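The values are calculated or read from the model by the stated rules, or taken from the named source; none is laboratory data. Keep in mind the model is a prediction, meaning the values are calculated, not measured. Virtual Cβ from ideal backbone geometry, glycine too; neighbours counted across all protein chains shown.
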């Protein structure tokens, strides 16, 4: 393996350039920079030849957002979300008695990854996920019955990653793809 000559800096990797463009778009969407500033910085990012040339495009931008956490809590009764509702990057659901029905199939996701923490004591829970979603149940602890979930034969690549964690004591969880 040979290294480039001393006077030629390595080119910007595509992943690094794409990450910079995404940060600029996110900063504009969140109102941190104006349209003109985003346009100017995008021009800098897209024409950068080296990583050093890319730095001015993202300088002074806020760091990547960790997202927001929303808690839905009910002592008894039904917790239901469906339709085009906004799903935060972290959702905590707490219920002592009752039923949970989360339909994510038409939801608007704040990010490509969603963490859903369930704290359910009794009752049942049903979660419907988009067709292309990937579901990770490794962080879920159950006391009584295991979740009912059949992963699709073809792994999704175009949907969000949905991580389900937490504790279910005496309830049953069913997860299905739309």
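Things to note:
- Filtered by the rule that a residue be surrounded by fewer than 18 Cβ atoms within 10 Å (Cβ to Cβ) and not in a strand (DSSP E or B), segment 157-178 gives 157, 158, 178.
- Filtering segment 112-125 to residues that are surrounded by fewer than 17 Cβ atoms within 10 Å (Cβ to Cβ) and under 20 Å from residue 69 (Cβ atoms) leaves 112, 113, 119.
- Residue 123 vs. criteria closer than 25 Å to residue 21 by Cβ, touching a residue at least 40 places away in the same chain (Cβ under 8 Å) and not assigned by TED's automatic domain parsing to the domain that holds residue 27: no
- Output for segment 29-45, where each listed residue is within 24 Å of residue 111 (Cβ to Cβ) and modelled with pLDDT of 85 or more: 33, 34, 35, 37, 38, 41, 42, 45
- Residues that are closer than 16 Å to residue 177 by Cα and outside any strand (DSSP E or B), drawn from segment 115-156: 130, 131, 132, 133, 147, 150, 151, 152, 153, 154, 155, 156
- Qualifying positions in segment 91-106 - within 18 Å of residue 177 (Cβ to Cβ) and crowded, with 21+ Cβ neighbours inside 10 Å: 100, 102, 104
- Residues that are surrounded by 14 or more Cβ atoms within 10 Å (Cβ to Cβ) and either closer than 15 Å to residue 48 by Cα or out of contact with any helix residue (DSSP H, G or I) (no Cβ under 9 Å at 6 or more places or on another chain) (or both), drawn from segment 17-37: 17, 19, 20, 21, 24, 26
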